[in-house]
Amino acid sequence: MAHVHISIVGATLIALFSMTGVATPPPGTSGIEGTIVVSPTRPGPIRKDEEPSVAPVRNAQFAVKAGDATVKMFTTDGEGRFQVALTPGHYVIVKEGAAARIGRWRFEADVVASQMTKVNWTADSGMR
């Protein structure tokens, strides 16, 4: 009976370790990963004793562009995190559906071969 229990525990551990490998990119993968937040999240002045109003950009779709061509799309998660595999090069990232005159939703990143470029971007909501 003890051998059965050890086998079950072993199989469970193997399953858990194999699932954690899915979340990380394979070695040699290049692209961009990070977080996108937006600020300010409420209009009006920011007082000295107040923290700036910042919130994650949840479940938003972004286009990755090389020149005028869209090469990939990605969606942020509930915490504003994302990860997208890309070939080496220079990219411009824009939020889909963002009004051209409201806020700032444009970012740039350089991708190097076999590396994930880590970014933490803050979008400007346009509120004042």
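The values are calculated or read from the model by the stated rules, or taken from the named source; none is laboratory data. Keep in mind the model is a prediction, meaning the values are calculated, not measured. Here Cβ is always computed from backbone atoms with ideal geometry, including for glycine, and neighbour counts include all displayed protein chains.
Key figures for this structure:
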| quantity | calculated |
| --- | --- |
| Residue match in region 12-31 (condition: among the hydrophobic types (A, V, I, L, M, F, W, C) and at pLDDT 65 or above) | no |
| Residue, surrounded by the fewest Cβ atoms within 10 Å (Cβ to Cβ), within region 41-70, restricted to residues that are at pLDDT below 85 and touching a strand residue (DSSP E or B) at 6+ places or on another chain (Cβ under 9 Å) | Pro52 |
| Which listed residue, of Val71, Val64, Val94, Val84, is part of a strand (DSSP E or B) and touching a Gly at 6+ places or on another chain (Cβ under 7 Å) | Val84 |
| Verdict on Ala109 being touching a residue at least 40 places away in the same chain (Cβ under 8 Å) and touching a His at 6+ places or on another chain (Cβ under 9 Å) | yes |
